[in-house]
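Remarks on the structure that follows.
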Amino acid sequence: MMLRKVHFSKKLINAVFLSTESATSTIQQPSLKLQRFRQRLKNDASSSILTDSFGRHHTYLRISLTERCNLRCTYCMPAEGVTLTKREGILTTDEICKIANVFVQEGVQKIRLTGGEPTVRKDIVDIIGRLKELDGLKHLAITTNGLTLTRQLPALQRAGLDGLNISLDTLKEERFEKFTRRKGWNRVMAAIDLAVQLGYNPVKINCVIMRNYNDDELVEFVTFTKDRPIDVRFIEYMPFSGNQWQENRMVSFQDMKSIIREVYPEFGALRNGPNDTSKAYKVPGFVGQVGFITSMSEHFCSSCNRLRITADGNLKVCLFEGKGEISLRDALRSGASEAYLKEIIGTAVSRKKKQHADSPPKHTYLKRHNNRPDCLKFQISNRAKKGNSKTIGAIRQYSTLTHVDTKSGKASMVDVGEKKISKRLAKARGMVSVGPTICRLIKENNLKKGDVLTVAQLAGIMAAKRTSDLIPLCHPLALNYIDVRLTLDENLFTVEIESEVRCTGQTGVEMEALAAVSVAALTIYDMCKSVSPAYAMVISDICLVSKIGGCKGNFDRTDSETHE
């Protein structure tokens, strides 16, 4: 058993195990506490990769189909729009269905398709039809602005759409154009009527309330539910990139209730489900009801069961924060197996925090649209498919240097053309001394740049794959396996880095193993240097631990040190 050990908190899952050959492993065995934790998961039939360390089981997945939108709502984005991911970076229909299938297998029962505006995607009907075929999925819904719904909804319903939320922030046509910077109020109202006629019950209406914009329509929206099976959901105004968010425009849950009760004093609370984000209220005798989504004033993190996939394939374990996004798209496109997808999903979910920040500073909101701060996107480990020895991921490009006659005194690469092909393996290690402050922040996963150990691990993997691009005289190799492991030592305030690289070729992989450790160490240094003076961190003890294969024979540093 080979161990990749990544410590965060005593209360959090502190390791992810990667099953590989054990014959050459020199990594320490898991702690007794960790072994007990794994045994508990094994014994508990209800446990899943979608259950986090606080016992929250995630059964609800939101999938963004596109970043594009045919409106420019003032609270969502600037008038000129936002910079969009190129088309080839967006998940394909097949990729959406493959990812969704993994989540449904692990217990997701509800999927909501979002955007941008999901109905602008031409294959929306096909996506809904294919998702509805997933065994175990109980509810498939969509959130839309309703502009094109009158011509699309019958086909969407036939494909299997179970529910829909329609965004509507005003019941006044002229105000709609002011909010959205586009025409279309009549089409949205017609879409709501059509949804009711087609039997959707309730038809949910998402309404963002802003002071001095539409807070004077709160009572009108409540009245709108009198004779219709409609659930109006009042959403507290939240910051997004480009919306020029101001705190004095936010109307809190308590203020909204007070305004409504001036007209409907009997307006009262209903019982909510265990994972409901909306606090349900109703005027007695009305057909419909009202809900409040209190993301700003009263978070609902303790009962959160939601995960999100962005349009470009990143997994977000918290809808409100953007740290630690992991690219499932890159994993798929690198040929990752289903088992490996589950592994990285489980790792991400296990690190979900207890709650998002109660009062984040404004600048953390304003970095990107969709409440999605700048984040690092990584290429997934160059790992072999289960049962297939072929390399996943592209072989590195050849170095720009060519063989040069050594008699000229110029640098040259060694000619390995006559060497025999054999199995090669190399292991390396190194250490970064970070000090107590940085050690604590890494443990809590609370550094501004994100998950230090995961980023450093993936940076090391990428460095191993690109060693011939970094070191001029190294030969480009097709690598069979790369693994980089990091361990946080809370007593010594250090991060220990270990790498293992394998290939079948005519030259060894020592440089790849050393490059992996070196770049992982530099990544830790870069991500943490803003916390304390740069000289407070020290990178040391980078060395080759062992190698197997090649005409010079095998090497093991432990044996060498013993003989000395």
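The values are calculated or read from the model by the stated rules, or taken from the named source; none is laboratory data. None of these values were measured; they are calculated from a predicted model. Using ideal geometry, Cβ is built from the backbone for each residue, glycine included, and neighbour counts are taken over all protein chains shown. These accessible areas exclude ligands, DNA and RNA; they are computed on the full protein's heavy atoms, side chains included. Shrake-Rupley method; radii C 1.70, N 1.55, O 1.52, S 1.80 Å.
Figures for the structure shown
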| item | result |
| --- | --- |
| Residues satisfying the stated conditions in the range 183-203, i.e. buried (at least 16 other Cβ atoms within 10 Å of the Cβ) and under 33 Å from the mean Cα position of the chain (by Cα) | Val188, Ala191, Ile192, Ala195, Tyr200, Pro202, Val203 |
| Helices (runs of 4 or more DSSP H) wholly inside the range 98-186 that include at least 1 residues being among the acidic types (Asp, Glu) | 124-131, 173-180 |
| Single match in Ser530, Ser518, Ser499 (criterion: among the small types (Gly, Ala, Ser) and under 23 Å from Ala336 (Cβ atoms)) | Ser499 |
| The listed residue being of a type in the set (S, T, N, Q) and under 17 Å from Pro202 (Cβ atoms), out of Gln289, Gln254 | Gln289 |
| Test: residue in the range 278-285 that is assigned to a loop (DSSP other than H, G, I, E, B), open to solvent by 30 Å² or more (accessible area, probe 1.4 Å) and either among the β-branched types (Val, Ile, Thr) or at positive phi (or both) | yes |
| Qualifying residue in the range 204-217 (condition: crowded, with 22+ Cβ neighbours inside 10 Å, assigned to a helix (DSSP H, G or I), in contact with a strand residue (DSSP E or B) (Cβ under 7 Å, 6 or more places away or on another chain) and at pLDDT 90 or above) | no |
| Number of positions in the range 519-539 that are more than 26 Å from the chain's Cα centre (by Cα) and either crowded, with 17+ Cβ neighbours inside 10 Å or aliphatic (A, V, I, L, M) (or both) | 5 |
| Answer residue from the range 182-201, given it is touching a residue at least 12 places away in the same chain (Cβ under 8 Å) and of a type outside the set (A, V, I, L, M, F, W, C) and is farthest from Ala155 (Cα to Cα) among those | Arg182 |
| Test for Thr85: is it of a type in the set (Ser, Thr, Tyr) and open to solvent by less than 40 Å² (accessible area, probe 1.4 Å) | yes |
| Given (1) in contact (Cβ under 8 Å) with a residue 60 or more places away in the chain; (2) farther than 14 Å from Lys98 by Cα; (3) surrounded by fewer than 17 Cβ atoms within 10 Å (Cβ to Cβ), number of the condition Leu319 does not satisfy | (3) |
| Among the residues listed as Gly129, Gly160, the single one being in contact with a strand residue (DSSP E or B) (Cβ under 7 Å, 6 or more places away or on another chain), under 30 Å from Ile49 (Cα atoms) and among the small types (Gly, Ala, Ser) | Gly160 |
| Counted residues, the range 255-277 - those being among the hydrophobic types (A, V, I, L, M, F, W, C) and outside any loop (DSSP other than H, G, I, E, B) | 4 |
| Condition met for Ile461 (over 23 Å from the mean Cα position of the chain (by Cα), hydrophobic (A, V, I, L, M, F, W, C), open to solvent by less than 10 Å² (accessible area, probe 1.4 Å) and farther than 22 Å from Ile421 by Cα) | no |
| Per-region count, the range 494-514, residues open to solvent by less than 10 Å² (accessible area, probe 1.4 Å), among the small types (Gly, Ala, Ser) and not in a strand (DSSP E or B) | 1 |
| Residue tally, condition closer than 11 Å to Gly549 by Cα and of a type in the set (D, E, K, R), over the range 491-515 | 2 |
| Residues of the range 281-300 that turn out to be among the hydroxyl-bearing types (Ser, Thr, Tyr) and at pLDDT 95 or above, as a count | 1 |
| Whichever residue in the range 451-486 is of a type in the set (S, T, N, Q) and touching a helix residue (DSSP H, G or I) at 6+ places or on another chain (Cβ under 9 Å) and, among such residues, is modelled with the highest pLDDT | Gln457 |
| Thr143 being open to solvent by 10 Å² or more (accessible area, probe 1.4 Å), among the hydroxyl-bearing types (Ser, Thr, Tyr) and over 18 Å from the mean Cα position of the chain (by Cα) | yes |
| Leading residue by the ranking (nearest to the chain's Cα centre (by Cα)) among those in the range 112-128 that are open to solvent by 20 Å² or more (accessible area, probe 1.4 Å) and in contact (Cβ under 8 Å) with a residue 24 or more places away in the chain | Gly116 |
